Amino acid sequence: MAEDLTAEVVDATAKIDAAAWNRLAAATDSHANPFLDHAFFLALEESGCATRRTGWTPRHIVLGRGGQIVGLLPMYEKAHSQGEYVFDHGWANAFEQAGGRYYPKLQCAVPFTPVTGPKLLTGGEPGLDEALLATAARYADERGISSVHATFVPEAEAALAERSGWLRRTDTQYHWHNHGFGSFDAYLDTMSSRHRKVTRRERRDAVEGLDIRWLTGSDLTEAVWDAFFAFYEDTGSRKWGHPYLNRIFFSLLSAAMADRIVLMFAYDGTTPVAGTLSMLGKDTLYGRYWGATRNVPFLHFELCYYQAIDYAIEHRLTTVEAGAQGEHKLARGYEPATTHSVHWIGHAGLREAIARFLRQERAAVTREQDTLGAYTPFKKGS
């Protein structure tokens, strides 16, 4: 590390100046990713969702020079591998069966958020990215921590970390791309005849008897959040056993970032029966949570995918990121996209075993994406 830099590990987002944090995030990320905002991390920690009690102990790395913050790496010390969406349970089990101690580990991530965005917040100053990576690895090594994981990082960050000796991992998400469409019908024209008919039928059946509304800013009352949280709890209890986020989190997030939140609700008269939450960046709509208190065929597709496309077209956004997993998104026009994570492994034997696994996994991901691309709904040559 350069002699004029200082490095500090900070145990709470609240202890880091919000203006300095957001300045670095804005200078590093041209997409204005809302999940990089100081307020998002603050809401996670102050609501109790990402704290020592839940196994997410803040360990944010801050680089300083002359009394100014010049670099930041959001990081947590973790006692488990939940809420990450890049699964390393097999690594942990293998290491511990061999007599090692995998936990605690360090996780450079936005908790519970499988959205790609930079983690090395430096504004592009040369050398600071490497200094953040080196500080994270040194912190782990000095404390006998097995590993450091930076998940959902941009490709350029992954390549830089790989040059610094970290291991790279890839996976697949599904993103929709706006090619200058003036309407949803213009988008449908890129599909084969069969897929156009299926899409129109799904949309018609999903909204029959229902009213769809987009809510943001001052629309986000506590009553609206009560309704949304009921949807969120229903999905969370079925998928994870219990939801990662609590009701307080949504109120805190809304108070700080209401204009960057988009809820899409389906109403039966005045009663909301289903809804989604998305976050808004400069050019991207990030789909996050869905839930319903009534089972309506195709309503999940309508709110999560088709309404998001409508919103992106109307607001001239270039991309919709619809979250983790879900090959069913292919038929709705969401195409395979590669996601990246990087991993520092302290133990030489574990590192070599994981490196062999990742070489094979990356090849498999590439083959799978090549195959998946053939299943998009678009006309040949579109």
Could you list, ordered by first residue, the pairs with Cβ atoms under 6 Å in which the first is in the stretch 17-36 and on the phi > 0 side of the Ramachandran plot and the second is open to solvent by 70 Å² or more (accessible area, probe 1.4 Å), at least 6 apart or interchain?
Ala32/Lys282
Considering only the stretch 12-40, how many residues are under 24 Å from Lys78 (Cα atoms), touching a strand residue (DSSP E or B) at 6+ places or on another chain (Cβ under 8 Å) and part of a helix (DSSP H, G or I)?
6
Among the residues of the stretch 326-353, the number that are open to solvent by 50 Å² or more (accessible area, probe 1.4 Å), at pLDDT below 95 and over 13 Å from Ala374 (Cα atoms) is 1
Scope the stretch 251-288; condition assigned to a helix (DSSP H, G or I) and open to solvent by less than 40 Å² (accessible area, probe 1.4 Å); matching residues:
Ser251, Leu253, Ser254, Met257, Ala258
Can you pull out the residues in the stretch 37-53 that are free of Cβ contacts under 8 Å to residues at least 12 places away in the same chain and either under 29 Å from Asp283 (Cα atoms) or among the β-branched types (Val, Ile, Thr) (or both)?
Thr51
Taking the stretch 85-111 and keeping residues open to solvent by 10 Å² or more (accessible area, probe 1.4 Å), assigned to a loop (DSSP other than H, G, I, E, B) and either in contact with a Leu (Cβ under 6 Å, 6 or more places away or on another chain) or not β-branched (Val, Ile, Thr) (or both) leaves Tyr85, Phe87, Ala98, Gly99, Gly100, Arg101, Tyr103, Pro104
Test: residue in the stretch 308-322 that is under 19 Å from the mean Cα position of the chain (by Cα), closer than 29 Å to Arg168 by Cα and open to solvent by 40 Å² or more (accessible area, probe 1.4 Å)
yes
Do we find a residue being under 28 Å from Thr339 (Cα atoms), hydrophobic (A, V, I, L, M, F, W, C) and in a loop (DSSP other than H, G, I, E, B) anywhere in the stretch 51-74?
no
Please work out which residue is surrounded by the fewest Cβ atoms within 10 Å (Cβ to Cβ), limiting yourself to the stretch 357-375 and to residues that are under 14 Å from Thr338 (Cα atoms), of a type in the set (A, V, I, L, M) and in contact (Cβ under 8 Å) with a residue 24 or more places away in the chain.
Leu372
Need pairs with beta-carbon distance below 8 Å; first residue in a helix (DSSP H, G or I) and within the stretch 119-134, second of a type in the set (D, E, K, R); sequence gap 6+ or separate chains.
Asp129/Glu157
Out of curiosity, is Arg143 open to solvent by 40 Å² or more (accessible area, probe 1.4 Å) and either touching a residue at least 12 places away in the same chain (Cβ under 8 Å) or of a type outside the set (Gly, Ala, Ser) (or both)?
yes
State whether one or more residues within the stretch 119-128 are surrounded by fewer than 23 Cβ atoms within 10 Å (Cβ to Cβ), closer than 30 Å to Gly333 by Cα and not aromatic (Phe, Trp, Tyr).
no
Filter the stretch 34-84 for residues that are surrounded by fewer than 23 Cβ atoms within 10 Å (Cβ to Cβ) and touching a His at 6+ places or on another chain (Cβ under 6 Å); the one that is farthest from Ser254 (Cα to Cα) is Ser81
Taking Arg200, is it free of Cβ contacts under 8 Å to residues at least 40 places away in the same chain, of a type in the set (Lys, Arg) and open to solvent by 30 Å² or more (accessible area, probe 1.4 Å)?
yes
Residues of the stretch 8-33 satisfying the condition of being of a type outside the set (A, V, I, L, M) and open to solvent by 40 Å² or more (accessible area, probe 1.4 Å)
Glu8, Asp11, Lys15, Asp17, Asn22, Arg23, Thr28, Ser30, His31
Considering residues of the stretch 203-250 that are surrounded by 14 or more Cβ atoms within 10 Å (Cβ to Cβ) and of a type in the set (Gly, Ala, Ser) only, the residue modelled with the lowest pLDDT:
Gly236
Restricted to the stretch 155-197 and to residues being under 20 Å from the mean Cα position of the chain (by Cα) and free of Cβ contacts under 8 Å to residues at least 24 places away in the same chain, the residue nearest to His343 (Cα to Cα) is Ala159
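The values are calculated or read from the model by the stated rules, or taken from the named source; none is laboratory data. All figures in this text were calculated on a predicted structure; none of them were measured in a lab. Positions of Cβ are backbone-derived with ideal geometry, glycine not excepted, and every protein chain shown enters the neighbour counts. Heads up: the accessible areas ignore ligands, DNA and RNA and are worked out on the full protein's heavy atoms, side chains in. Shrake-Rupley method; radii C 1.70, N 1.55, O 1.52, S 1.80 Å.
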